[in-house]
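Worksheet for the structure shown next.
What follows is calculated from the coordinates using simple rules that are stated; it is not laboratory data. Small disclaimer: the values here were computed from a predicted structure and weren't measured. Reconstructed Cβ throughout: ideal geometry from the backbone, glycine too, with neighbour counts over all protein chains shown.
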Amino acid sequence: MIHITIPGEPIGQARPRVTRWGTYDPPKSKAYKNLVKRYALHDYSGEPLTKPVFVGMRIYRPIQKSGSKKLHAQKESGAIRPAVKPDIDNVFKAVTDAMTGIVWVDDNQIVETRISKFYSTDPRVEVEIKEIKS
């Protein structure tokens, strides 16, 4: 089992920008994907996986400063979950795209997943990868 933690506020993959000079990733998405690559390279040193994989992802969003102490405690305990941006699938896309070529050969190898989103005073994304034996 491979565990990779990306500290900081999770950023979703934004739509690519198209100009007359070509298509590019928006700067915020590109910077986040570079951060993910750095931590993937730090936490995983093997060859890219070649078999189908399971990817579990826990997304921890920062808790907003506004609100009562009670509300803050409910968010921290998981009683209240974040139904706010970034969308869960956009964070998944940004993280899995960035890990392509590092942890797996191609993200089309992901055949099973479980993604959850929570609040935390320590924003981050925790990724668990398991190769599925055929």
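Numbers at a glance
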item	result
Residue within segment 1-24 that is surrounded by 11 or more Cβ atoms within 10 Å (Cβ to Cβ) and on the phi > 0 side of the Ramachandran plot present	yes
Residue, surrounded by the most Cβ atoms within 10 Å (Cβ to Cβ), within segment 46-57, restricted to residues that are touching a residue at least 60 places away in the same chain (Cβ under 8 Å) and over 18 Å from Asp87 (Cα atoms)	Val53
Odd one out for Asp43 among (1) surrounded by fewer than 12 Cβ atoms within 10 Å (Cβ to Cβ); (2) touching a strand residue (DSSP E or B) at 6+ places or on another chain (Cβ under 8 Å)	(1)
Test result for Ile88, among the aliphatic types (A, V, I, L, M), farther than 17 Å from Asn34 by Cα, surrounded by 14 or more Cβ atoms within 10 Å (Cβ to Cβ) and in contact with an Asp or Glu (Cβ under 8 Å, 6 or more places away or on another chain)	no
Test: residue in segment 22-42 that is of a type in the set (Val, Ile, Thr), over 25 Å from Tyr119 (Cβ atoms) and in contact with a Pro (Cβ under 7 Å, 6 or more places away or on another chain)	yes
Residue pairs meeting the criteria (Cβ under 6 Å; at least 6 apart or on separate chains; first under 12 Å from Ser120 (Cβ atoms) and free of Cβ contacts under 8 Å to residues at least 60 places away in the same chain, in segment 61-73; second aromatic (Phe, Trp, Tyr) and surrounded by 13 or more Cβ atoms within 10 Å (Cβ to Cβ))	Ile63/Tyr119
